[in-house]
Every structure is written in C-alpha cells, then in structure tokens.
Amino acid sequence: MGRRVAIVGVGQTYHKSHRPDVTSREMIREAVTAALADAELTIRDIDAIVIGNMDHFESINYVDTYSVEGSGGVMKPIMKVSTGGTTGATVAIAAYYHVASGLFDRVLAIGFEKNSESDTTGAIITCSDAIWDRFSYSGAIPSLATEATAYMEKYGATQEDAAIIGERDRNNALNNPFAHLRRPLTVADIMASPMLAYPIKLGDICPRSDGACACVLAADGVAQKIARKPAWFKAAAVRHTYTWFGDSTDYNKGLVSMQRASKDAYQQAGITKPAEEIDVAELYLPYTWAGLKWIEDIGFCGPGEGVRFVRDGNTHMGGKIPVNPSGGVISTNCIGATAMLRVAEAAIQVMGRGGKRQVPDVKNALATGFGGCFWSDVVILSTERP
Amino acid sequence: MAEWLKDVEPLTLKGRIAVPYSWWVGDTGSRFLMSLRDDRKILGTKCPSCGTVFVPPRKNCGRCFVDIEEWVEVAAEGVIEAHTIVHYAYPVQPVKPPFAYALIKLDGTDVGFLHLIKKDLDKIKNGLRVKAKFKEERTGSILDIDSFELI
Amino acid sequence: MDNAAIVGVAQTKYERRKKDQILADLVFDVTRAALDDAGLAIGDIDSVVTVSNDFFDGRTISGMAVGDAAGGEDKNISTVSGDGAFGAFYGLMRVLSGYKATIVVAHYKGSEGSVPITTNGMFDPIFHRHLGIDAISAAALQADAYMARFGIREEDVAQVSVKNHGNAKNNPYAQLPMDITVADVMKSRKIAEPLKLLDCCPISDGAAAIIIANEEIAARTKKKPVWVKGVAHCCEEYFLGDRRLSDPVALQDAARRAYAMAGITDPMAEIDVAEVLEPFSYMEPLWLEGLGFCKPGEGAHLIEKGITTMGGRLPVNPSGGALSANPILVAGLARLIEATLQVRGEAGDRQVKNAATALAHGFNGPCGQSHCVWIMGGKK
C-alpha cells in the first residue's frame with residue numbers, strides 16, 4: 001500500500017481576464033514561488049514536478065519541457081498530465097501518486113491556463129470526434145444547457161433557483177483576494193443577463209481567466225516537519241468515461257461520473273454520511289445549475305432535493321456544508337488550474353489559512369474536478385492523518 | 001475476414017484546426033522585441049546569481065530560479081556554434097529552402113541565439129562570425145532580424 | 001521500492017498508414033492483446049493510463065478518444081501527455097501506491113497530421129516558432145554540434161541506420177526492415193544537414209500497451225513477470241541555445257538514478273541489451289554516452305567495434321529502434337516492450353542470448369530535453 005501524503009503548501013497567482021505582462025512560463029513561476037513560500041521551501045527541496053493545462057488554449061506542445069524555467073524543472077523529473085477541464089485535479093492526483101509510491105518525498109503540482117491567448121470555445125470544440133461530432137458540437141455551454149433543461153423538466157427547478165448559486169459564489173469571491181470576478185452579482189442581475197443557450201445566461205456561466213496554481217505535496221514524516229497542519233489525502237478518485245456524445249449522457253440518470261467517483265472516494269475515506277462528515281466543499285461548478293444538480297450526485301442530498309438543500313442555506317457560508325468559499329469557478333476560471341484551485345482551496349480550508357473565506361473548524365474538505373465529457377474527479381483532504 | 005470488408009473503401013475526412021492565438025509576449029520579452037523594432041538593438045538579461053547573460057532575455061534564471069532584473073545590450077554579431085542547412089519545405093518556414101538555422105553566440109552573451117542564415121550556405125562553418133541583418137519594416141517580432149550574414 | 005512487474009505487453013504492427021482502423025480501434029486491439037498476453041481479464045485491471053497528445057491527435061482532451069477502448073469504464077484513469085516511457089512511469093507509481101494492475105496504452109497516427117507543424121508547436125511561440133524550426137531541424141543542429149565537437153563522421157552514424165534497419169528484419173512489428181549499406185545512407189536525400197533521409201525515422205501509425213502489476217497479480221499471470229529494477233527521469237533546459245546539445249545531462253542524471261535504484265555500477269558489464277529511442281541515427285551513440293556505456297564522444301566507436309550489433313557485448317535496438325518505426329509517444333513504450341520480450345526470452349529471431357537485464361529509454365522535448373530510463377530484470 002502507498003504512503004500517506006499531505007498537501008503542505010499552496011500558491012496561486014491573482015486571476016484576471018488578461019495577463020499581458022507575463023508569458024505562461026513566467027506566470028507559472030509566480031504560482032510556484034508562492035507555493036514554495038507557503039511551504040517555506042526552496043526549489044532545491046523539490047524532488048519532482050507534475051504539470052498540466054489544455055494544449056489548444058495556448059497552442060504549446062509539451063508544456064512540461066516548455067515551462068521548466070518557470071516550474072523549476074531544470075534538472076528535475078517533470079511529467080505532464082492533461083485531461084481537459086479536470087486537468088488541475090488529475091495533476092494533483094498524479095502528484096499524490098508520485099509521493100504515495102515512495103519514489104519522491106516532496107512534489108510540486110502545477111496547473112495553469114492563459115485563456116486570453118486563444119478562442120476558448122473554438123479550442124474546446126476540437127474535443128469532439130473529428131468524423132462524427134465536430135460538425136455539430138458547439139462547445140461546453142450548449143451541452144451544459146441540455147443537462148439543465150433535463151433537470152428543470154424532471155424536478156421543476158427554475159432559473160431563479162439556479163441563479164442563487166451564482167449569487168452565492170460571487171458573493172463568496174468578495175472574501176477571496178485572488179478571485180477574478182470580485183463584484184457581487186444578485187439573482188436579479190443573473191436573471192437580467194443575456195441568454196446564451198436556454199436556460200443558461202451570461203450570469204450563470206464561468207468567466208475565462210488567466211492564472212496558475214501550485215501545490216506542494218509531501219510524504220508522511222516529511223509533511224509534519226513542513227506544515228503545522230498538513231492537509232492529508234484521504235481519497236482520490238477519477239471517473240472519465242466517454243463513448244460518443246450522443247450516448248454518453250442520459251441526463252436523467254444524473255452525473256454518473258460524479259456518482260461513481262464520489263462513491264469510490266467515500267469508500268477510500270471511510271465516509272458514510274457525506275453531508276455530516278464533510279465540513280466544506282470546493283466544487284468545480286462551471287455553471288450555476290451544477291450547484292443544484294451535482295450536489296445530489298455527490299450525495300450531499302437526495303435526487304431532486306438540490307433546490308431545497310440550497311434554498312435552506314446549507315451550502316452558504318455559515319451553513320451545514322459551505323460550498324465554494326473561494327467563489328468557485330463562477331468567479332475564477334483559468335481552466336488548466338481551475339480543478340487544482342479546488343484542491344488547493346480545500347487544502348487551505350483544512351490548513352486553516354483561509355483568512356476571510358475560512359470556514360471554522362474544518363476537519364474534512366472535499367474538492368471536485370469536472371471536464372471532458374461529463375467527467376468527474378473527487379479529492380478528500382483532512383486534518384486527520386489517515 | 002468478414003465478407004463485407006472486401007467492398008470497403010478507406011475514406012478520409014479532411015480537417016484543419018484553426019484556433020486563433022495571440023500570445024502575450026510579457027514585459028520582459030516585449031522590451032526585447034521593442035528594442036529590435038525601434039532601435040535595432042539586441043538586449044539580454046543577466047542572472048544575478050550565476051552571471052549568465054541570456055538572449056532572448058529571461059525574467060528569471062531557470063537554473064538558479066531567481067528573478068533577473070539586470071538588462072544588458074549585447075552585440076548584433078557573434079560566432080556560429082552549430083548549424084544545419086535545411087532542404088525540406090513545410091508551411092511554417094519563413095523562407096524557402098535551402099536555408100540554414102544556426103545557434104549563434106552573440107558577443108557578450110553566454111547562450112546560443114537561434115536564428116536564420118539565408119546566404120552563402122556553402123561557406124557556413126561553425127566558428128565563423130556572423131552579423132544580424134535587420135529588416136527595413138519592423139513589427140516587434142523575432143523576424144525583425146531578417147537573418148544573420150557571414151562577416 | 002516495492003516489487004512491480006510488467007506482466008503483459010502488446011503492440012500493433014507499425015505502418016505508414018493504418019487506413020482501416022481509428023485510434024480507438026488500435027487501442028482496443030492492444031488492450032485486449034495485452035490482457036491475453038498476461039492471462040488477465042479487464043476486471044483484474046484497476047487503473048488505466050493513456051498516453052495521448054492533443055497536437056498529434058488534432059483533438060483537445062485527446063485521451064477522451066481512447067479511454068473506453070483502454071478499458072477505462074468506471075476505473076481510475078488518467079492521461080500522460082508525453083512519451084510512453086513516462087506514461088509507464090505513471091503506471092508504475094500507481095501500482096506502488098496501491099493499485100493492483102495498471103494498463104498503460106499509447107497511440108499515434110502520424111498519417112493523420114503533420115509532423116513538422118505539430119513539432120514546431122514544441123518551440124517557444126514568441127522567440128522560436130516563427131523561425132519555422134521543428135523536431136527535425138532542431139535534431140540536425142544537435143547532430144552538428146555533437147559530430148563537430150567530437151569529429152564524428154557522417155559515415156560513422158550512418159552505420160546505426162544500417163544496423164537498426166537490419167535488426168528490424170527480425171521484428172515482425174517493425175515498419176522498415178531494410179538491407180542497406182553506409183553508401184545508401186550517404187547518398188540518400190539531404191533533409192537537414194548532416195541528416196539525410198536514411199538518418200531519419202519514418203512517419204508511423206501504431207499503438208502499444210503494457211500491464212504493470214504488483215506481486216500478488218504477477219504471481220498468477222500467464223507469462224514470466226519482468227521486474228522493474230530501476231527507473232528515473234530528468235529534464236534539462238528548454239531553449240536550445242541554453243543547452244550544450246552534445247552533452248545529454250538530463251539523460252546522465254536519469255541514468256545515474258535508475259542505475260542506483262537497480263544496484264548497477266558498471267552498466268556495460270551488467271546490462272545485456274538496450275533499447276534506446278533514436279528517431280535520428282546520431283542519437284543512438286549520443287544516448288549511449290549519456291547512459292554511461294562509454295565516454296563522451298566514443299558512442300560511435302561502439303558500433304564500429306561491433307559492441308552494439310546483435311552478436312556484440314551490448315546489442316542496442318534489436319527491435320530496429322525508432323529508425324525502423326517511430327509512432328511518436330508509442331515509441332518509448334515500444335522500447336520498454338522490446339526490453340520485456342528480451343528478458344522473457346520471447347524476442348524470436350532477434351533474441352539476445354541470456355538477456356537477464358535490459359535497459360529501455362524514451363524522451364520528450366526537442367533534442368531529448370527530458371529523458372526516462374528503465375532497467376528491467378528477470379528476477380525480483
């Protein structure tokens with residue numbers, strides 16, 4: 001069995017729509033420098049690096065080798081992991097295996113994206129099968145809209161219900177100095193925003209951001225010397241299933257990948273009552289509706305209970321299980337870093353370093369990644385060494 | 001083999017990924033390209049720790065992992081360290097083959113600078129000195145240096 | 001390190017154009033064949049790693065196209081974007097972390113894209129890409145730097161091409177088995193000097209898969225497990241001009257650490273066969289130097305003295321190497337598969353006698369910027 005592993009330091013850049021002042025490589029270094037400072041380590045202490053993004057957003061092939069000056073990878077082992085929107089989480093999970101395997105003691109995980117450098121939707125469309133799907137696929141927003149209408153139809157959820165998620169996350173972002181969109185947004189604002197693909201309006205969807213995130217992971221015995229309160233991995237689970245767009249998603253079954261990944265993760269962590277045992281969640285919610293529906297798939301409440309669960313305030317700051325104290329993806333979305341920011345923010349909560357966005361007395365924090373073709377990753381971090 | 005396979009013709013679907021990109025050059029790179037464009041001068045940066053002078057300039061030293069603040073103007077000429085004469089063509093090349101790539105150690109620098117040599121291909125040898133030829137119309141690109149020429 | 005072994009391998013025949021199969025078909029075939037080779041069922045596999053690259057596949061999230069074909073349904077799956085030797089490294093780490101068996105698959109169809117355009121994408125978008133440099137022209141610069149520094153003649157490296165294409169005649173998976181002479185290489189078309197057509201790998205289509213398992217699974221597989229004795233990887237600087245291209249320092253470091261893990265102190269004496277990733281002929285001697293089989297500048301003498309030929313002390317690339325088939329990304333995994341077959345004693349007409357310890361190598365990035373070295377052995 002593998003070694004126990006903890007996150008002992010996190011760093012992120014500030015996030016903006018454009019970072020003209022730096023290249024990707026230079027931006028990566030900002031996050032790495034911040035993570036090393038947080039862990040009070042230098043690059044010489046790092047044994048290996050894992051990095052990831054989505055190639056077609058910056059059009060750089062082999063970012064592992066491209067980025068070494070910024071990542072600190074000169075004369076170190078560096079590996080690139082790339083899995084679409086889930087990349088940030090799968091990079092963090094790959095770093096976890098680096099340490100758990102016993103081959104490395106201190107590993108740096110890095111996710112980044114400069115969405116300002118390309119046409120995000122143009123690039124995303126190329127994820128579809130060139131022969132069968134590309135002529136008709138129009139990007140992430142319409143496919144999410146299809147999921148939303150199925151949910152509305154099945155459970156009678158309204159656009160106002162979804163808008164509560166946007167208001168919640170954007171309000172939380174006011175407490176996060178790193179967030180990209182730091183203006184409050186109300187349910188009324190969202191309802192009045194332009195319709196993109198029914199029922200998704202501009203206010204329901206994530207922005208495009210430039211930014212990077214890095215985490216330092218360390219092995220049992222090493223971690224305790226670096227951090228006073230390491231964020232221990234209790235679970236890491238990934239479900240990336242895809243066949244063709246047409247038959248990959250029976251929307252009425254819910255987000256199957258999330259159901260499966262969370263089941264696996266809860267088993268690893270020994271969690272039986274997620275809503276009771278998890279104290280805070282950083283969920284990769286690329287649009288508001290996900291905040292209603294996916295919390296059902298992850299087992300915070302039962303099928304069709306998402307609206308009630310949210311409206312009762314359970315997921316707001318001060319609620320039973322605050323979701324996205326950071327402001328989430330609706331406030332910041334540098335895609336290759338987005339899922340890692342969820343893991344990093346969960347670690348921040350466990351380590352008690354959340355400042356104004358800190359949830360009190362966090363023991364277990366859950367983070368998710370989302371992307372690809374309705375794919376899900378789940379990471380559970382804890383103050384408790386497993 | 002299934003019977004129907006004998007009648008199958010292998011078809012292809014032609015496609016092209018055409019995503020537009022605008023890469024931010026960043027403050028450090030922009031100063032370098034502006035200097036090529038406006039002053040026909042080549043700038044480098046010098047690592048405070050190991051002293052390496054980098055061209056193109058770097059914002060930080062990859063080896064020492066420290067920030068670099070110091071700028072230096074370097075010569076527009078130097079010595080060929082390695083070269084190749086290219087004989088195959090493909091769309092991204094800025095010039096028709098044959099032409100040469102060379103790693104050139106510009107005077108006052110510690111690294112090789114990658115660029116083109118277009119003339120006197122039969123005379124190129126490692127160790128020979130070359131000089132940058134700037135374009136008349138400059139836009140703030142690495143190709144504001146048209147190529148290097150043997151001195 | 002706990003014990004872990006390669007317990008199943010499979011590869012397609014490498015060809016210039018696989019017109020009849022899409023990537024998922026190739027991956028499904030090698031996945032099933034690797035399971036058959038190991039005598040395992042898909043239910044025995046609890047972790048999947050695909051080796052996929054968005055540029056080469058012309059598709060963002062390229063792993064998406066092959067995950068299910070690799071048996072990824074309801075399993076922990078991920079994608080390494082890089083050479084298969086690195087994908088295998090991730091697979092190994094997963095097994096050492098507690099998974100029982102990880103399948104690693106790599107796939108590539110050179111026939112569907114443009115090698116110069118996609119490898120031009122490796123270079124810095126601001127300072128280098130507009131110069132038009134790609135993997136081939138960059139390699140030519142490295143060849144020039146290396147050969148000029150040590151006075152190596154073009155005829156010397158041409159021998160590598162002659163040897164490897166000759167070895168490929170004994171490998172049913174190879175794309176270009178050929179009887180050629182040094183004169184043939186010398187008179188082949190100039191590509192980027194000093195590289196000529198026969199100094200360069202072909203464009204290939206193909207896929208490969210390996211299964212890495214823990215001791216418990218390895219105890220019940222069909223074939224003799226081949227154990228991981230040592231493995232390491234390392235990356236050097238990015239800008240070509242920052243590097244001393246004739247000094248593969250990252251390879252030296254990776255080799256040093258892989259040897260230390262495997263307890264190897266004298267590689268030439270202790271390693272019986274080596275499979276190195278040499279898409280260009282000059283790379284084989286340069287990598288052999290980096291791997292410590294000889295001193296810097298002496299790599300080309302190894303072939304001259306017959307040391308790296310099939311009957312020599314250290315046969316190198318009995319498979320025919322990347323010169324005889326170079327499905328990028330798959331190529332490093334193919335080296336590891338050949339090393340496995342050699343240690344098993346299943347390499348057919350290309351079998352190296354008494355191959356107990358084998359080295360396999362892959363790299364990422366221009367001119368071998370990031371190298372991964374594996375030492376495989378028949379005993380735990």
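Just a few scattered comments:
- Selection status of C:G72, buried (at least 24 other Cβ atoms within 10 Å of the Cβ), small (G, A, S), facing another protein chain (nearest Cβ under 7 Å) and within 30 Å of C:T221 (Cα to Cα): yes
- Qualifying residue in segment A:365-380 (condition: in a loop (DSSP other than H, G, I, E, B), not assigned by TED's automatic domain parsing to the domain that holds A:V91 and not aromatic (F, W, Y)): yes
- Cβ-Cβ contacts under 8 Å between residues 6 or more apart (or on different chains), taken from a first residue in segment B:97-109 that is on the phi > 0 side of the Ramachandran plot to a second residue that is buried (at least 21 other Cβ atoms within 10 Å of the Cβ) and aromatic (F, W, Y), are absent.
- Restricted to segment B:51-92, and to residues there that are in a loop (DSSP other than H, G, I, E, B) and in contact with a Phe, Trp or Tyr (Cβ under 9 Å, 6 or more places away or on another chain), the residue that is farthest from the other protein chains (Cβ to nearest Cβ) is B:A76.
- From the list B:D110, B:D122, the one residue that fits, being acidic (D, E), touching a Gly at 6+ places or on another chain (Cβ under 9 Å) and not in a strand (DSSP E or B), is B:D110.
- Residues of segment B:39-52 satisfying the condition of being in contact (Cβ under 8 Å) with a residue 40 or more places away in the chain and buried (at least 19 other Cβ atoms within 10 Å of the Cβ): B:I42, B:G44, B:T52
- Screening C:P248 with (1) closer than 30 Å to B:T52 by Cβ; (2) within 14 Å of chain B (Cβ to nearest Cβ) gives one miss only, at (2).
- Filtering segment A:227-273 to residues that are more than 13 Å from every other protein chain (Cβ to nearest Cβ), among the aliphatic types (A, V, I, L, M) and under 19 Å from A:A365 (Cβ atoms) leaves A:A227, A:A231, A:A269, A:I271.
- Taking segment C:202-299 and the helices (runs of 4 or more DSSP H) fully enclosed by it, no element has 3 or more residues that are at pLDDT below 95 and buried (at least 21 other Cβ atoms within 10 Å of the Cβ).
- Filter pass, A:S118 being in contact (Cβ under 8 Å) with a residue 60 or more places away in the chain, surrounded by 21 or more Cβ atoms within 10 Å (Cβ to Cβ), farther than 21 Å from A:I205 by Cα and at the interface with another protein chain (Cβ under 7 Å from one of its Cβ atoms): no
- Of all residues making up segment A:174-209, the number that are touching an Asp or Glu at 6+ places or on another chain (Cβ under 7 Å) and either within 23 Å of A:T121 (Cβ to Cβ) or among the acidic types (D, E) (or both): 3
- One residue stands out among those in segment A:48-105 that are more than 8 Å from chain C (Cβ to nearest Cβ) and outside any helix (DSSP H, G or I): the one that is nearest to A:I124 (Cα to Cα), which is A:N53.
- Counting only helices (runs of 4 or more DSSP H) wholly contained in segment A:223-292, the ones carrying 2 or more residues that are at pLDDT 95 or above and in contact with a Phe, Trp or Tyr (Cβ under 9 Å, 6 or more places away or on another chain) occupy A:256-269, A:274-277.
- Restricting segment C:310-327 to residues that are buried (at least 24 other Cβ atoms within 10 Å of the Cβ) and among the aliphatic types (A, V, I, L, M), the residue that is farthest from C:V273 (Cα to Cα): C:A325
- Of the residues contained in segment C:226-247, one or more are found to be touching a Cys at 6+ places or on another chain (Cβ under 9 Å) and among the basic types (K, R).
- Test for C:I210: is it aliphatic (A, V, I, L, M) and closer than 30 Å to C:D46 by Cα: yes
Okay, residues lined up against (1) touching a residue at least 60 places away in the same chain (Cβ under 8 Å); (2) out of contact with any Cys (no Cβ under 9 Å at 6 or more places or on another chain); (3) over 21 Å from C:L176 (Cβ atoms):
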residue	(1), (2), (3)
C:I264	yes, yes, yes
C:E270	yes, yes, yes
C:E275	yes, yes, no
C:S281	yes, no, no
C:L291	yes, yes, yes
C:K295	no, yes, yes
C:E304	yes, yes, yes
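- Residue match in segment A:160-174 (condition: surrounded by 24 or more Cβ atoms within 10 Å (Cβ to Cβ), β-branched (V, I, T) and not in a loop (DSSP other than H, G, I, E, B)): yes
- Of everything listed in (1) of a type outside the set (D, E, K, R); (2) in contact with a Lys or Arg (Cβ under 6 Å, 6 or more places away or on another chain); (3) assigned to a helix (DSSP H, G or I), the single unmet condition for C:V157 is (2).
- Of all residues in segment B:93-108, exactly one satisfies the criterion of being surrounded by fewer than 17 Cβ atoms within 10 Å (Cβ to Cβ), at the interface with chain C (Cβ under 9 Å from one of its Cβ atoms) and farther than 17 Å from B:I124 by Cβ, namely B:P94.
- Scanning segment B:1-19 for residues being exposed (fewer than 14 other Cβ atoms within 10 Å of the Cβ) and either touching a strand residue (DSSP E or B) at 6+ places or on another chain (Cβ under 7 Å) or not in a loop (DSSP other than H, G, I, E, B) (or both) gives a total of 5.
- Residue identified as modelled with pLDDT of 95 or more, within 26 Å of C:R257 (Cα to Cα) and under 22 Å from the mean Cα position of the chain (by Cα) among C:V80, C:V27: C:V80
- Matching entry among C:V160, C:V95, C:V115, C:V104 (being within 14 Å of chain A (Cβ to nearest Cβ), closer than 27 Å to C:R17 by Cα, buried (at least 24 other Cβ atoms within 10 Å of the Cβ) and in contact (Cβ under 8 Å) with a residue 24 or more places away in the chain): C:V104
- Qualifying residue in segment A:124-134 (condition: assigned to a loop (DSSP other than H, G, I, E, B), within 11 Å of chain C (Cβ to nearest Cβ) and at pLDDT 95 or above): no
The values are calculated or read from the model by the stated rules, or taken from the named source; none is laboratory data. Keep in mind that what you see is a predicted model, and the values were worked out from it rather than measured. Heads up, the Cβs are rebuilt from the backbone with ideal geometry, glycines too, and the neighbour counts pull from every protein chain shown.
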